[in-house]
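Heads up: the structure comes next, in structure tokens.
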Amino acid sequence: MPADALKCKECSATYPLEARYVCNRCFGPLEVAYAPPTSSAEELKRRIQAGPHTLWRYADFLPLEGPARSALPTGWTPLVKADRLAARLGLRELWVKNETANPTHSFKDRVVSVALARAQELGFQTIACASTGNLANAVAAHSAAAGLPSYVLIPSDLEEQKILATGAYGTNVVAIKGNYDAVNRLCTEIAGEREDWAFVNVNVRPYYAEGSKTLAFEVAEQLGWELPDRVVAPVASGSLFTKIARAFQEWIDCGLLEGEVPHMNGAQALGCSPVAQAFEAGTPVCRPVKPDTIAKSLAIGNPADGPYAVELAQRTCGGIDSVTDDEIRAGIRLLAETTGIFTETAGGVTIATLAKLAARGDIGRDERVVVYITGHGLKTLEAVAPTTGPTATIAANLDAFHGAFDLEENN
Ligand SMILES: [Zn+2]
């Protein structure tokens with residue numbers, strides 16, 4: 001399925017596969033369009049199964065000209081059957097896609113792998129991004145592995161863990177006194193001036209966004225080439241959410257999967273929920289908000305793909321919900337206590353939304369549900385710090401231990 005062109009999502013105007021992201025005619029966003037596959041489903045499947053255990057096994061569905069390569073292998077993360085969590089929520093079949101297992105512990109390694117590979121094909125020598133934290137980690141790490149200089153621009157009030165982990169890779173960390181939307185605006189201005197820099201989520205964004213499709217490809221393959229009935233995933237810009245559905249559709253269209261795109265449920269934090277608000281109001285128009293939530297990696301007040309996320313949720317009989325910061329903390333604990341997977345706040349948003357859907361009876365009795373856990377809990381330790389200290393702090397003697405724990409005698 002070779003990449004064909006960049007195509008405007010609004011007016012369908014097409015452009016060559018260059019570093020460009022906005023339509024000259026209508027200012028709509030561009031995305032990669034593919035020519036119909038020339039191989040049969042069987043041949044595509046055979047090639048995938050013979051591929052590496054990284055996201056490059058899906059190279060036939062990614063926008064690269066040459067053989068895919070990256071110095072920091074990414075993807076093929078575990079799909080974990082979460083029976084204890086399912087039982088707790090009254091669900092029949094629940095799977096957790098554990099994206100914390102990527103090199104920098106979030107799904108952003110996927111989008112950066114694809115953006116960086118395409119940027120190198122286009123001849124860029126410097127990599128940059130606007131980030132809410134996870135992307136900063138990934139851009140710094142993958143640029144370091146590729147031997148390219150990088151600049152990551154972040155809001156200065158990000159979680160300390162994310163800032164320190166980013167700096168470790170020897171990148172230029174630029175902390176901006178402003179929120180993500182201000183950082184993003186500045187990056188767009190810099191990208192206009194520095195045409196020799198690839199901003200992964202600005203001027204090469206159409207390629208970057210394609211990386212999220214591998215989240216769906218992997219799940220389908222790991223489920224034995226079958227579709228889930230329902231997906232619950234976080235919504236920040238709305239890109240990951242819409243690309244997951246797009247990927248399932250591509251595989252249905254080329255005969256690799258049978259059925260329909262799953263019900264798509266998006267998850268937002270109440271303190272930054274422009275997409276959930278638009279869904280509730282029944283309109284695709286997302287009114288920008290000023291973020292105020294512990295889920296900083298989802299704190300995009302003016303989400304670029306928000307309208308498409310609303311339309312997708314409507315079309316698939318899914319939804320977009322929002323949850324409070326306390327529910328987010330409870331979601332982090334619930335996932336950790338039932339699966340052994342420790343997620344950052346974004347995953348807390350996703351699990352809290354899943355719990356809400358289950359409690360509301362929105363999930364059918366026989367459904368197979370997949371939830372996407374997009375980042376690791378060590379990235380946002382401060383969010384759970386108030387509730388996860390030592391169970392007891394005692395002197396180093398047996399009496400103190402017995403005093404702290406009222407255990408039955410061991411005969
Ligand atoms: Zn257009």
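Numerical summary
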item: Charge-dipole axis of the chain as Lys and Arg at +1 and Asp and Glu at -1 on Cβ define it, positive-most pick from P16, Q314, L378; result: P16
item: Rounded to 10°, Cα long-axis angle of helix 345-360 versus longest principal axis of the chain; result: 80 degrees
item: Nearest-20 debye value, the chain charge dipole, Cβ charges on Lys, Arg, Asp, Glu; result: 600 debye
item: Positive-end residue of T393, A330, G282, charge dipole of the chain with Cβ unit charges; result: G282
item: Cβ-based charge dipole, the chain, positive-most Cα from L122, A41, T100; result: L122
item: Acute angle (nearest 10 degrees) that the helix 325-339 long axis makes with the longest principal axis of the chain, alpha-carbon atoms; result: 80 degrees
item: Amide H contacts of T126 (H built 1.01 Å from N, under 5 Å, at least 5 apart or other chain); result: A198
item: The chain - share of DSSP beta bridges that are antiparallel (%, nearest 5); result: 30 percent
item: Amide proton proximity set for V323, modelled H, under 5 Å, gap of 5+; result: Q268, A269, L270
item: Cα Rg, Dmax (largest Cα-Cα span) when computed across the chain, Å; result: 21.4, 81
item: Straight-distance crosslink candidates among lysines, where the alpha carbon sits under 17 Å from K97 and sequence neighbours closer than 8 are dropped; result: K81, K108, K213, K243
item: GNM top mover of A385, A396, A209 - the chain, alpha-carbon springs below 10 Å; result: A396
item: Using a Förster distance of 51 Å, the FRET efficiency for D399-E93 (Cβ separation, nearest 0.05); result: 0.60
item: About the Cα centre, charge dipole magnitude for the range 90-142 (Lys/Arg +1, Asp/Glu -1 at Cβ), debye; result: 80 debye
item: Pairwise centroid distance, computed over Cα atoms, of the range 34-58 with the range 376-411, Å; result: 49 Å
item: R0 of 45 Å, Cβ-Cβ distance S156-S40: FRET efficiency to nearest 0.05; result: 0.30
item: Separation in nanometres of the label points that stand 7 Å from Cα toward Cβ, at A392 and R365; result: 4.6 nm
item: Residue-span extension gain [C317 to R47] - 0.36 nm each, minus C-alpha spacing; result: 93.9 nm
item: Listed residues A71, A115, A101, most fluctuating in the chain (Gaussian network, C-alpha, under 10 Å); result: A71
item: Estimated dipole of the range 237-302 in Debye, rounded to 20 [Cβ of Lys and Arg +1, of Asp and Glu -1, Cα centre]; result: 400 debye
item: Using alpha-carbon coordinates, inclination of helix 239-253 to the longest axis of the chain, degrees; result: 70 degrees
item: Loop trypsin sites (Lys or Arg not before Pro), the range 52-113 (other Cβ atoms within 10 Å of the site Cβ: 15 or fewer; DSSP); result: R69, R92
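All of the numbers you see were taken from the coordinates with simple rules; none came from a lab. Note that the structure is predicted; figures quoted are calculated from it, not measured. FYI the Cβ positions are ideal-geometry reconstructions off the backbone, even for glycines, and counts take in every protein chain you see.
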